[in-house]
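The block underneath contains the structure these notes are about, expressed in structure tokens.
The values are calculated or read from the model by the stated rules, or taken from the named source; none is laboratory data. Everything quoted here is computed from the prediction, not taken from an experiment. Reconstructed Cβ throughout: ideal geometry from the backbone, glycine too, with neighbour counts over all protein chains shown.
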Amino acid sequence: MEHLATFAKQFSLEQVPNEVIERAKWMLLDSIAAIAYGNQHPNIVRLMNRLENKAEMNKANGAPVVGTDKSLDEQHAAFVNAVAMVSYELDEGNPKAKGHPAAHFLPALLAMAITKRLSGKTFLEAFLLNYEISARLGASLRLNEKIHPHGNWGVFGNGFGVGKLFDWDETDMLNGAFISSSFAFPTLWKSVLEGHEVRNVIIGLNNLHTTLLPDLVHAGYSASASTLSELYTGVLAEGYEEMADDLGDTYYIMHSYFKFYSYCRFCHAPIDAVLALAKDIPLNEIKKITVKTYGLAARLDGKDIENEFSGKFSIPYAIASELYEFYKLKEALAVERQTFVKDMMQRIFVYEDETYTKLQSVKRMTAVAITLHDGTVIEKEVDRAKGDADEEALEQKIIDKSKMYLQSIFGEQKTNAIIEMLLNIEFVSNLADLQYTLTK
């Protein structure tokens, strides 16, 4: 572990290839858009109504609740913004890490950088370092099949990220990492699939806990150096391997994907395949849709959908919902969305393909077959999804996505200012400027 601390202490943006820095800024923009839109979620609006009398700050001293007219102390701002970031399933993800690293620390690092009036360069350095270390832990372990990846391995790098933000020595960085890892949660897939949004709250708590690290470390608190091996060998995971020793040579952030559908990533390839086939098929000809996919995705086969959130983790629901939007434009559907989706889900069947499961660590394959009423079967196999790391013109697509969400909140002029500032954040000398930029 000492080599991680040594690397972290010496890490500088000057060492980082420009394409990596650009990717980190795309991710920041994409995340801010997800946060701003997420803060309009009815649950968060109600939460803010309860918090504002307890934690509200003026804009000169607090951190922004992005996309609102409110500011809170840095702990509560980090908490609320983090819950918002994952509320609509719009945040980035990383297939190597097998989860969503940035949500575990970006809101916290940003809140602290704003309230402490740090530079954009310092923030970007800390964020990128945090991402690379946390993602490597995710890549090195196999979570228990009942455990969802939100809330656990993603917090390991936070001691290094916070340490970089405040120029800690190697000892404090390591201690911060072990303390942060001790706050890992046993987030249950069962709760997610049933439509309970406590998973989102856990991400909020990860970020709140991260804002406490400076006080905890400097007050003398500590955690065992065996924290990772204890947690991820039998408690939360089925195995824990040595993390790849390639920091500075390989950047995992370059493998990150961006979401253009508001569902769990496992739903995206099936949606892409179905929509590609549907463009040539009238709706009334569809009899059945069969999806074959890898094991991690195949568990998302539920049809008893409790609410909109549980639907984000159901391939039948995701396909049915996107088909409704597709055919509504193509055929001017008269049927209501709820009725259409409920009926269509009963015609969608999801199965695991063991060959695809064996490949899932290197390639995520999905095959879709649409059976027509006349017996014709039309098939498509895909090995990627919209928003993958190597997608053509990805930067412009991220900007367009971000504009769509941000303009609905800030309007066109301020949205353009936000995009300009975030995509040039390394040149911002004082991030307190974001306090006004990111609020209404």
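Do you know which residues across segment 89-122 are more than 18 Å from the chain's Cα centre (by Cα) and not basic (K, R)? Break it down into steps so the answer makes sense when it comes.
Of all residues in segment 89-122, those more than 18 Å from the chain's Cα centre (by Cα) come to 112-122.
Result: M112, A113, I114, T115, L118, S119, G120, T122.
Return the residues of segment 354-403 that are of a type in the set (A, V, I, L, M) and more than 26 Å from P316 (Cβ to Cβ); say none if nothing qualifies.
So the first thing to find is which residues in segment 354-403 are of a type in the set (A, V, I, L, M), and the list is 359, 362, 365, 367-370, 372, 377-378, 382, 385, 389, 393-394, 398-399.
If the condition is that a residue be of a type in the set (A, V, I, L, M) and more than 26 Å from P316 (Cβ to Cβ), then V362, A389, A393, L394, I398, I399 are the ones that fit.
Output the residue which, of all residues in segment 1-39 that are of a type in the set (S, T, N, Q) and crowded, with 23+ Cβ neighbours inside 10 Å, is farthest from T439 (Cα to Cα).
Step one: list which residues in segment 1-39 are of a type in the set (S, T, N, Q), which gives 6, 10, 12, 15, 18, 31, 39.
Still in the list and also crowded, with 23+ Cβ neighbours inside 10 Å: 31, 39.
On the way: S31: 15, N39: 11 Å.
Step by step, filter segment 1-39, then rank; the result is S31.
For segment 344-362, give me each residue that is within 12 Å of T293 (Cβ to Cβ) and not hydrophobic (A, V, I, L, M, F, W, C).
Of everything in segment 344-362, those that are within 12 Å of T293 (Cβ to Cβ) and not hydrophobic (A, V, I, L, M, F, W, C) turn out to be Y351, E352, D353, E354, T355, Y356, T357, Q360.
Do you know which residues across segment 123-164 are at positive phi and more than 16 Å from the chain's Cα centre (by Cα)?
If we filter segment 123-164 for residues that are at positive phi, which is where we start, we get 151.
Within segment 123-164, none qualify.
Those residues that are within 17 Å of D272 (Cβ to Cβ) and either aliphatic (A, V, I, L, M) or in contact with a helix residue (DSSP H, G or I) (Cβ under 7 Å, 6 or more places away or on another chain) (or both), I need them from segment 345-359; list them, please.
I348, V350
Against the condition touching a strand residue (DSSP E or B) at 6+ places or on another chain (Cβ under 8 Å), closer than 17 Å to I286 by Cα and assigned by TED's automatic domain parsing to the domain that holds I289, how does L323 come out, does it pass? Lay out the reasoning, then the answer.
On the way: touching a strand residue (DSSP E or B) at 6+ places or on another chain (Cβ under 8 Å): no; closer than 17 Å to I286 by Cα: yes; assigned by TED's automatic domain parsing to the domain that holds I289: yes.
No; evaluated as a whole, the condition is false for this residue.
Take segment 85-137 and flag every residue that is more than 30 Å from R384 (Cα to Cα) and part of a loop (DSSP other than H, G, I, E, B).
K116, R117, L118, S119
What's the total number of residues in segment 370-406 that are surrounded by 15 or more Cβ atoms within 10 Å (Cβ to Cβ) and among the polar types (S, T, N, Q)?
2
Here are A84, A108, A139: which of them is crowded, with 24+ Cβ neighbours inside 10 Å and over 17 Å from R46 (Cα atoms)?
Working: A84 fails: over 17 Å from R46 (Cα atoms); A139 fails: crowded, with 24+ Cβ neighbours inside 10 Å.
Answer to the selection: A108.
Please go through segment 361-384 and give me each residue that is over 18 Å from L296 (Cβ atoms) and of a type in the set (A, V, I, L, M), ordered by number.
Residues of segment 361-384 that are over 18 Å from L296 (Cβ atoms), as a first pass: 369-380.
Of everything in segment 361-384, those that are over 18 Å from L296 (Cβ atoms) and of a type in the set (A, V, I, L, M) turn out to be A369, I370, L372, V377, I378.
How about segment 180-230: which of its residues are in contact (Cβ under 8 Å) with a residue 12 or more places away in the chain and acidic (D, E)?
E194, E197
Restricting to segment 284-294, give me the number of residues that are surrounded by fewer than 17 Cβ atoms within 10 Å (Cβ to Cβ) and at pLDDT 95 or above. It would help to see each step written out before you state the result.
So in segment 284-294, the residues surrounded by fewer than 17 Cβ atoms within 10 Å (Cβ to Cβ) come out as 284-285, 287-288, 290.
Narrowing the set further to residues that are at pLDDT 95 or above leaves 285, 287-288, 290.
Counting residues in segment 284-294 that are surrounded by fewer than 17 Cβ atoms within 10 Å (Cβ to Cβ) and at pLDDT 95 or above gives 4.
Within segment 171-180, is even one residue assigned to a loop (DSSP other than H, G, I, E, B) and in contact with a helix residue (DSSP H, G or I) (Cβ under 7 Å, 6 or more places away or on another chain)? So that I can check it myself, show each step before the final result.
Quick first cut of segment 171-180, residues assigned to a loop (DSSP other than H, G, I, E, B) only: none.
Within segment 171-180, not a single residue is assigned to a loop (DSSP other than H, G, I, E, B) and in contact with a helix residue (DSSP H, G or I) (Cβ under 7 Å, 6 or more places away or on another chain).
So which residues in segment 215-227 are of a type outside the set (D, E) and either more than 13 Å from F178 (Cα to Cα) or not in a helix (DSSP H, G or I) (or both), if there are any at all? Give the steps one after another, and end with the answer.
Restricting attention to segment 215-227, the residues satisfying the condition of being of a type outside the set (D, E) are 216-227.
If the condition is that a residue be of a type outside the set (D, E) and either more than 13 Å from F178 (Cα to Cα) or not in a helix (DSSP H, G or I) (or both), then H218, A219, G220, Y221, S222, A223, S224, A225, S226 are the ones that fit.
Starting from residues that are touching a residue at least 60 places away in the same chain (Cβ under 8 Å) and among the basic types (K, R), keep the ones in segment 334-369 and report whichever is farthest from A97 (Cα to Cα).
R347
Criterion first (buried (at least 16 other Cβ atoms within 10 Å of the Cβ), assigned to a helix (DSSP H, G or I) and not assigned by TED's automatic domain parsing to the domain that holds H41) does V274 satisfy it?
Details: buried (at least 16 other Cβ atoms within 10 Å of the Cβ): yes; assigned to a helix (DSSP H, G or I): yes; not assigned by TED's automatic domain parsing to the domain that holds H41: yes.
Spelling it out, V274 is indeed buried (at least 16 other Cβ atoms within 10 Å of the Cβ), assigned to a helix (DSSP H, G or I) and not assigned by TED's automatic domain parsing to the domain that holds H41.
Given the residues E238, E230, which is the only one that is in a strand (DSSP E or B) and either farther than 20 Å from R299 by Cβ or of a type outside the set (A, V, I, L, M) (or both)? Walk me through how you get there before you give the answer.
Values: E230 fails: in a strand (DSSP E or B).
Matching residue, one of E238, E230: E238.
Which numbered condition trips up E331, out of (1) touching a residue at least 40 places away in the same chain (Cβ under 8 Å); (2) within 21 Å of the chain's Cα centre (by Cα)?
It fails just one condition, (2).
Within segment 38-72, which residues are among the charged types (D, E, K, R) and free of Cβ contacts under 8 Å to residues at least 40 places away in the same chain? Before the answer, list the steps.
Of the residues in segment 38-72, the ones among the charged types (D, E, K, R) are 46, 50, 52, 54, 56, 59, 69-70.
If the condition is that a residue be among the charged types (D, E, K, R) and free of Cβ contacts under 8 Å to residues at least 40 places away in the same chain, then R46, R50, E52, K54, E56 are the ones that fit.
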